[in-house]
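Colleague: After the structure tokens below, expect a handful of questions from me.
The values are calculated or read from the model by the stated rules, or taken from the named source; none is laboratory data. Keep in mind it's a predicted model, so treat the numbers as computed, not measured. Here the Cβ is made from the backbone with ideal geometry for all residues, glycine too, and neighbour counts use every protein chain on show.
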């Protein structure tokens, strides 16, 4: 799931790949509130994952984001 | 306002002639039209345009930055980078609260607006981008330039349709003359070559329908039938001339007059009596403390529409009986709409600086109703005073008077 998220951040939101690590937080990724809304839309359209922008705003770092994605991925099966 | 004396200390150009001053100036001097069939407009009633060749926003601005910018802002930012570098300015060292930004645009980010409207219709509101407004709003170009360079003075966008770029430069001169700013990045930008806007222009009957794109934009020619739409941007770095001299700046030219007016006549047709345009030219001459006989050259609005070119030529013949040499660079570049006035002001600065008037492309047979002298080849001449005319739909007029350093 980390690789999937990383590909989305790099390909769709043009985040430099070296910035995408498990420990990186939203500031490290320069992911502002508008970027979080974009990411929420992309997760829905690309992966069918329903994660709101508010939920994404609450996570601390990529590791928590990946965990949330995995949780929703299982829940939606 | 009289006694205007503002130095142009830096230029930045992104035009259908190319990215940068050098490519843009070489293209207008060459005098060959840049218009071409436009695949992105396939299916539109008119599918020719003048696009900026080789414009790579990811390479010029960085992919992350470019992703969040409508093309009209991308073009302006690249022009602003060239202009600040050309002026030898270090934005990290300037007195940021004294630096203003004034940019003209007719439509702002309508390309983004149109794409997001499509997303709304196709997929519903949940698929509308959160960046719709920050990308589309017309004021964003000045805000983005402020962010890019750290300019914390007055920051505004003006919109007078096809006069926007010239109005922006005039408004910037007012900010300098009133003492509100010490430096202003002023210019115009436009990127409206998308199907909806182009359909609108075509439905108005404003666009050329000539078959051969290369000869479609033909200002003042007997066979002209409309303009060719173009994209582009120009940014000029402006400083009060006395300050520029004291700072030891290289001065490329000076803006010595600005006239602004409204026709108060019709939404698109020029006033046949030219009252508004006359007032603008006279105001610019008054600023410059000059008479009509002092004008040696005019960079005309010269869009290649039947109505504009006839009305403008008749006005010039009447107001400037000394027969200054007239040119319209739109024969080469097409009509950059809200950017045109700024791009042409930059071209006029280069004309005065180099002493070479660029030719009007595609002028094969001067309209017999037109009695002005139009340059058809690059013409060397020393110029002490020249005018740049810009007239917008809505009857909004802006005229700049430009002199050498």
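Colleague: Within the group A:59, A:66, A:10, which residue is within 14 Å of chain B (Cβ to nearest Cβ) and either surrounded by 14 or more Cβ atoms within 10 Å (Cβ to Cβ) or at pLDDT 95 or above (or both)?
Modeller: Testing whether each residue is within 14 Å of chain B (Cβ to nearest Cβ) and either surrounded by 14 or more Cβ atoms within 10 Å (Cβ to Cβ) or at pLDDT 95 or above (or both) leaves just A:10.
Colleague: Residues that are in contact with a helix residue (DSSP H, G or I) (Cβ under 7 Å, 6 or more places away or on another chain) and crowded, with 24+ Cβ neighbours inside 10 Å, at least 3 per element: which strands (runs of 3 or more DSSP E) completely within region B:313-405 meet that?
Modeller: In region B:313-405, the matching strands (runs of 3 or more DSSP E) lie at B:386-392, B:396-403.
Colleague: Taking the stated definitions as given, is residue B:172 within 14 Å of chain A (Cβ to nearest Cβ) and modelled with pLDDT of 95 or more?
Modeller: So residue B:172 does not fit the description; no.
Colleague: Restrict the check to region B:93-106 and report whether at least one residue is under 23 Å from the mean Cα position of the chain (by Cα), at pLDDT 95 or above, closer than 16 Å to residue B:193 by Cα and away from chain A (no Cβ under 14 Å).
Modeller: Yes, that holds for at least one residue.
Colleague: Here's another thing I want to ask about it. I'd like the full set of residues that are in contact with a strand residue (DSSP E or B) (Cβ under 8 Å, 6 or more places away or on another chain) and surrounded by fewer than 24 Cβ atoms within 10 Å (Cβ to Cβ), limited to region B:56-81.
Modeller: Within region B:56-81, B:60, B:81 meet the criteria.
Colleague: Another question, then. Read through the list (1) surrounded by fewer than 18 Cβ atoms within 10 Å (Cβ to Cβ); (2) in contact with a helix residue (DSSP H, G or I) (Cβ under 9 Å, 6 or more places away or on another chain), then give the number of the only condition that residue B:161 fails.
Modeller: Unmet for residue B:161, out of (1) surrounded by fewer than 18 Cβ atoms within 10 Å (Cβ to Cβ); (2) in contact with a helix residue (DSSP H, G or I) (Cβ under 9 Å, 6 or more places away or on another chain): (1).
Colleague: Any idea how many residues of region B:271-311 are part of a loop (DSSP other than H, G, I, E, B), over 18 Å from the mean Cα position of the chain (by Cα) and surrounded by 20 or more Cβ atoms within 10 Å (Cβ to Cβ)?
Modeller: 3
Colleague: Quick one: how many residues across region B:120-133 are under 20 Å from residue A:33 (Cβ atoms), more than 28 Å from the chain's Cα centre (by Cα) and surrounded by 13 or more Cβ atoms within 10 Å (Cβ to Cβ)?
Modeller: Final tally of qualifying residues: 4.
Colleague: Could you tell me which residue of region A:20-47 is nearest to the other protein chains (Cβ to nearest Cβ), considering only residues that are buried (at least 16 other Cβ atoms within 10 Å of the Cβ) and out of contact with any helix residue (DSSP H, G or I) (no Cβ under 8 Å at 6 or more places or on another chain)?
Modeller: Across region A:20-47, the extreme among qualifying residues is A:38.
Colleague: Separate question: Would you mind telling me which numbered condition in (1) buried (at least 19 other Cβ atoms within 10 Å of the Cβ); (2) in contact (Cβ under 8 Å) with a residue 60 or more places away in the chain residue B:268 fails?
Modeller: (1)
Colleague: Sticking with this structure for a sec: Out of all the residues in region B:139-153, is one or more surrounded by fewer than 19 Cβ atoms within 10 Å (Cβ to Cβ) and within 14 Å of chain A (Cβ to nearest Cβ)?
Modeller: yes
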